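Rule-based calculations on the coordinates, nothing more; no lab input. Nothing here was measured: the structure is a model prediction, and the numbers come from that model. Heads up, the Cβs are rebuilt from the backbone with ideal geometry, glycines too, and the neighbour counts pull from every protein chain shown.
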Amino acid sequence: MTTNITILKHPLIEHKLTILRNRATDNQLFRATLEELSYLLVYEITRDLPLRPVQIHTPLAPCTARQLAEDILLVPVLRAGLGMVGGILDLIPSAKVGHIGVYRDEASLRPVEYYFRLPPDAARMRTFVLDPMLATGGSLVHAVDLLKTKANNTHITVVAILAAPEGLDAFHAAHPDVTIYAAKLDDGLNDNGYILPGFGDCGDRLFGTL
Ligand code: PRP
Ligand code: URA
């Protein structure tokens, strides 16, 4: 199946992925590294953001400069998506942040929604949905469903860290218009729906709830 994914390649991205994958990495280092990796990904992804002219005065002269033309909205999928927000806000401090709470039911692996809160004008914002793990795809498919139906949002890009081929197919079948950026396409899922080789349960490793 043709899918809308771009894998971002860079030696620093690869290096930080290795830290995340290593089971010896503690919660503190895992959190810091996920933030750094998210920063690197978004730096690449935002390369083509539109700019608009703005008239300013430097200390020496008037100047026609350029600034971002659109408001940016970050939407982390709770909990693990929260681990990506800080690094991206370091780069785009003016971004607004909405939240979607979805967890996977451990038996069915189906998404269960528990929270949804966006700025009122979300529909017009360039939106980055953040979730480190695209496993079966259920959580991200559901989050993007909600953005489209409840917020009428059509400027959506997904930023993940790891994707499994199974989740990618499911996501593309549901949302062929939405591009996904990720650091790596991994091998597949185990019997419990975890990404292999992956880095285990991302929310638990971030927040020390293992
Ligand atoms: C994890 C992860 C994704 C989801 C991916 O969340 O953060 O949201 O699983 O799996 P899927 O593609 O099969 O839906 P989890 O359900 O563990 O909740 P948590 O982030 O609160 O720990
Ligand atoms: N959620 C995780 O946190 N890790 C996986 O590998 C799959 C889903």
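Please tell me if LYS16 is of a type outside the set (Asp, Glu) and part of a loop (DSSP other than H, G, I, E, B).
no
List every residue pair whose Cβ atoms sit under 8 Å apart, with the two residues 6 or more apart in sequence or on different chains, where the first one lies in the range 127-138 and is touching a residue at least 40 places away in the same chain (Cβ under 8 Å) and the second, anywhere, is in a strand (DSSP E or B) and among the hydroxyl-bearing types (Ser, Thr, Tyr).
If the second residue must be in a strand (DSSP E or B) and among the hydroxyl-bearing types (Ser, Thr, Tyr), the pairs left are THR127/THR157; PHE128/THR157; VAL129/THR157.
Testing MET84 on (1) within 16 Å of ligand 2 (Cβ to nearest atom); (2) part of a strand (DSSP E or B); (3) among the hydrophobic types (A, V, I, L, M, F, W, C); (4) out of contact with any His (no Cβ under 9 Å at 6 or more places or on another chain), one condition comes back false. Which one is that?
MET84 satisfies every listed condition except (2).
For the range 87-103, which residues satisfy the criterion of being among the charged types (D, E, K, R) and either in a strand (DSSP E or B) or within 14 Å of the chain's Cα centre (by Cα) (or both)?
Restricting attention to the range 87-103, the residues satisfying the condition of being among the charged types (D, E, K, R) are 90, 96.
The one that is among the charged types (D, E, K, R) and either in a strand (DSSP E or B) or within 14 Å of the chain's Cα centre (by Cα) (or both): LYS96.
Among the residues of the range 1-18, write down those that are under 13 Å from ALA183 (Cα atoms) and either crowded, with 17+ Cβ neighbours inside 10 Å or not polar (S, T, N, Q) (or both).
Across the range 1-18, the qualifying residues are ILE5, ILE7, LEU8, LYS9, HIS10, PRO11, LEU12, ILE13, GLU14, HIS15, LYS16, LEU17.
Among the residues of the range 56-68, is any touching a residue at least 40 places away in the same chain (Cβ under 8 Å) and either more than 18 Å from THR157 (Cα to Cα) or outside any strand (DSSP E or B) (or both)?
no
Considering PRO11, PRO59, PRO53, which residue is more than 24 Å from LEU140 (Cβ to Cβ) and in contact with a Ser or Thr (Cβ under 6 Å, 6 or more places away or on another chain)?
PRO53
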